[in-house]
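So the structure is just underneath, and the comments pick up after that.
The values are calculated or read from the model by the stated rules, or taken from the named source; none is laboratory data. In this text the structure is predicted, and so the values were computed from the model without any measurement. Here the Cβ positions follow ideal geometry from the backbone for every residue, glycine too, while neighbour counts run over all protein chains shown.
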Amino acid sequence: MEKGLFISFEGIDGSGKSTAAEKLCAYLREKGREVVFTFEPGGCEWGKTMRDILLHGSYAPAPRTEALLFAADRAEHMAACVFPALERGAVVVCDRFADSTIAYQGGGRGMDMESLAMLSDFAAAGRMPDITFYLSLPVDMAAARRQGQEDRMEQEKKDFFQRVADSYEHLAQQNPERIVKIDATCDADAVWQQIKDKIDAFLQY
Ligand code: TMP
C-alpha cells in the first residue's frame, strides 16, 4: 500500500517550474519529509538515453514515435523510481509528467488527446499525481526567460508553444481538483509564495 505523495510541476519551457520545484523540495525536507526530486523525460538511469534521443538527437522522430518514446520513458521511470519511492512513504516531486504529453504531443503536435491519455495511463499504471502545480505565463514571456542552448522541443515556433499553453489552460480548467494554476508572470519569490500557500493548506502545516 502506497504511503507517499506524488507532486508534479507543469508549464511551457521557460515558465520557471524547475526553480519552483527545487524550492518545494527544500521546504518539504526542512519539514522532515523524505523527498525524491525527479523529472521526465530521463528521471531514471535508463531514461538518460531516452532523454538524449528525444531532446538532443539530430533525428526528429514521427509524432507517434515521439509519443511512444515519452510513454516508454514514463513507464520505466514509474517502475524504477516513482513507485518504489511512494511505497517507502516519500514525497515525489516530478518536473513534468502526463500533462506534458497532452499539452506537447496533443496540443503542440496535434495528436489525438484521448489516445495520448490512454497511452500515458498505461505507462503510469493508472497513477496520476496527487497535486500538480501548473505555472502559467504568456509564451512571449517564457521565450524571453529561456536561457542557454535550445533543445529540440525548444526550437519549435511560437504557434507550437501557443497551442501547448492553450492545452495546459484547458487541462487546468478540466481538472481543478488536481491542478493548481500558478500565476508565473511574477518574480520567483511571489511564485514560491503561491505554491507554499497551497502546499501548506494541502498538508495542513
Ligand atoms: P525540460 O526537462 O527542460 O522541461 O524539457 C523537457 C521537454 O520535453 C519539454 O520541451 C517538454 C517535452 N516533453 C514532451 O513533449 N512530452 C512529455 O511527455 C514530456 C514529459 C516532456
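Of the residues screened, residue 134 is one that is of a type in the set (Phe, Trp, Tyr) and either within 23 Å of residue 6 (Cα to Cα) or modelled with pLDDT of 95 or more (or both).
Residue count for the range 146-164, restricted to those that are within 11 Å of the ligand (Cβ to nearest atom), in contact with a helix residue (DSSP H, G or I) (Cβ under 8 Å, 6 or more places away or on another chain) and of a type in the set (Lys, Arg): 1. Every residue in the range 93-147 that is out of contact with any strand residue (DSSP E or B) (no Cβ under 7 Å at 6 or more places or on another chain), of a type in the set (Val, Ile, Thr) and either assigned to a loop (DSSP other than H, G, I, E, B) or touching a residue at least 40 places away in the same chain (Cβ under 8 Å) (or both), please. 102, 139, listed by residue number. Scanning the range 84-130 for residues that are polar (S, T, N, Q) and within 13 Å of the ligand (Cβ to nearest atom) gives 100, 101, 105, 120. Within the range 152-184, the set of residues being surrounded by 13 or more Cβ atoms within 10 Å (Cβ to Cβ) and either over 18 Å from the mean Cα position of the chain (by Cα) or part of a loop (DSSP other than H, G, I, E, B) (or both) comprises 152, 153, 154, 156, 175, 178, 184.
Collect the residues in the range 162-193 that are closer than 21 Å to residue 144 by Cβ, free of Cβ contacts under 8 Å to residues at least 24 places away in the same chain and not charged (D, E, K, R), keeping them in residue-number order. The answer is 162, 186, 190. Checked against the criterion of being under 16 Å from the mean Cα position of the chain (by Cα), farther than 28 Å from residue 137 by Cα and part of a helix (DSSP H, G or I), the candidates 72, 79 yield just one match: 72.
For (1) more than 14 Å from the ligand (Cβ to nearest atom); (2) touching a strand residue (DSSP E or B) at 6+ places or on another chain (Cβ under 9 Å), each residue gets a yes or a no:
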{"position": "21", "(1), (2)": "no, yes"}
{"position": "31", "(1), (2)": "yes, no"}
{"position": "36", "(1), (2)": "yes, yes"}
{"position": "40", "(1), (2)": "no, yes"}
{"position": "44", "(1), (2)": "no, yes"}
{"position": "49", "(1), (2)": "yes, no"}
{"position": "82", "(1), (2)": "no, yes"}
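Contact map, the range 72-86: first residue surrounded by 23 or more Cβ atoms within 10 Å (Cβ to Cβ), second residue in a helix (DSSP H, G or I) and hydroxyl-bearing (Ser, Thr, Tyr), Cβ cut-off under 9 Å, separation 6 or more or different chains; pairs are 74/101; 74/120. Say whether the condition of being closer than 28 Å to residue 188 by Cα, assigned to a helix (DSSP H, G or I) and among the acidic types (Asp, Glu) is met by at least one residue in the range 18-33. Yes. Scan the range 60-69 for residues that are assigned to a loop (DSSP other than H, G, I, E, B) and either surrounded by 15 or more Cβ atoms within 10 Å (Cβ to Cβ) or not aliphatic (A, V, I, L, M) (or both) and the total you get is 1.
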